[in-house]
Amino acid sequence: MDFRRSLYASFVGLGFLALGGGWDALAQTSTALPTQNDAGLTFTFPIQADGKPMRFHLELNNEGYISGVSVFGADQSTQMQTLASCGVGDETYAEFGKQTDDPLLKHADLNFDGFEDLELLYYYIPHLGKKLYCIYLWDPKTGRFSYSQEVTQLAINLEAQPGSKTLTTHEDWMFGPWQDSTYRWHAGKLELVEQTSLLGSWSPPVGGRKGCGFTYTCSKLVGGKMRDTLVKPICKPEEMDDLPECPSTPSKHSRPPALIDPFSVDNP
């Protein structure tokens, strides 16, 4: 990004020499930041069913990057809270607007307590469809939002699933690998309960050995530990588009005999 800015500045400098006064008009156009009245910076919605809507305003720093969110209570003109962004990506607010039509501030009940929580987009990789969010959970006891590092660390294309009360994430990498993860709340913490992945590479293995480049894996939380329920080598690129469904129940044969609980209801 710094290199692109430097290159851009060089071209602008040449344009200045050639066009003279045209630089002023160009500078005013390229450096203009959204105003406080821009609709794209302000969001209004209630955080509880049948509640009055609250107002949320994205704050920008001098370079046009999103620096945080100002929170205004229902029918209040004075901000009640300012939430600092958890990180700054490569895109300014204006660049985000060119790359995605999705709102930069989303809301969903992420811990299923009946209150909406905030998801602030701070990093986006368009060619992978990868979106990273800062997560702020509403605390009904204090009547304020608080930053959740735990959820933020997992919030890659994060989606809440109210029916199962789980959170799902999806992540893609270059040249084909991907991973889907499902989490649930337990004793106030998130735990991984299911994961499906296609990991590997078609690059020649070290030493020139031949073999399958990818491995398709399904795993679930069984007996307090993640267990593989399906492991399938993928040896040809066309097999990546014809993957089997993950087993609907954990495979009994995937557990070492020493780890089988004799009192478990699914013990063979």
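The condition (being outside any loop (DSSP other than H, G, I, E, B), among the hydroxyl-bearing types (Ser, Thr, Tyr), within 30 Å of residue 115 (Cα to Cα) and without any contact (Cβ under 8 Å) to a residue 40 or more places away in the chain) is satisfied by just one residue among 152, 169: 169. Specify the residue that is nearest to residue 236 (Cα to Cα); the eligible residues are those in segment 151-177 that are within 15 Å of the chain's Cα centre (by Cα) and of a type in the set (A, V, I, L, M, F, W, C). Ranking the candidates gives 173 first. Looking at residue 229, is it more than 26 Å from residue 130 (Cα to Cα), surrounded by 14 or more Cβ atoms within 10 Å (Cβ to Cβ) and in contact with a Cys (Cβ under 7 Å, 6 or more places away or on another chain)? For residue 229, the condition - more than 26 Å from residue 130 (Cα to Cα), surrounded by 14 or more Cβ atoms within 10 Å (Cβ to Cβ) and in contact with a Cys (Cβ under 7 Å, 6 or more places away or on another chain) - is met.
For residue 164, are the conditions met, namely being assigned to a loop (DSSP other than H, G, I, E, B) and among the hydroxyl-bearing types (Ser, Thr, Tyr)?
Details: assigned to a loop (DSSP other than H, G, I, E, B): yes; among the hydroxyl-bearing types (Ser, Thr, Tyr): yes.
In short, yes.
Answer yes or no as to whether residue 69 is in a strand (DSSP E or B) and within 20 Å of the chain's Cα centre (by Cα). Considered against the rule, which asks whether it is in a strand (DSSP E or B) and within 20 Å of the chain's Cα centre (by Cα), residue 69 comes out as yes.
Quick check on my filter: what residues within segment 154-197 are of a type in the set (A, V, I, L, M) and within 24 Å of residue 225 (Cβ to Cβ)?
Scanning segment 154-197 gives 154, 156, 167, 187, 190, 192, 193.
Within segment 88-147, the set of residues being aromatic (Phe, Trp, Tyr), surrounded by fewer than 18 Cβ atoms within 10 Å (Cβ to Cβ) and outside any strand (DSSP E or B) comprises just one member, 112.
Number of residues in segment 120-148 that are free of Cβ contacts under 8 Å to residues at least 12 places away in the same chain and under 29 Å from residue 80 (Cα atoms): the value is 5.
Might you check whether a residue that is at pLDDT 55 or above and within 18 Å of residue 195 (Cα to Cα) occurs anywhere in segment 250-266? First the steps, then the outcome.
The initial filter retains those residues of segment 250-266 that are at pLDDT 55 or above, namely 250.
With within 18 Å of residue 195 (Cα to Cα) added as a condition, the list becomes 250.
Scanning segment 250-266, I find at least one residue that is at pLDDT 55 or above and within 18 Å of residue 195 (Cα to Cα), so the answer is yes.
The values are calculated or read from the model by the stated rules, or taken from the named source; none is laboratory data. For clarity, every value in this text was computed on a predicted model and none was experimentally measured. Quick reminder, even Gly has a Cβ in these numbers, built from the backbone with ideal geometry, and neighbours come from all protein chains shown.
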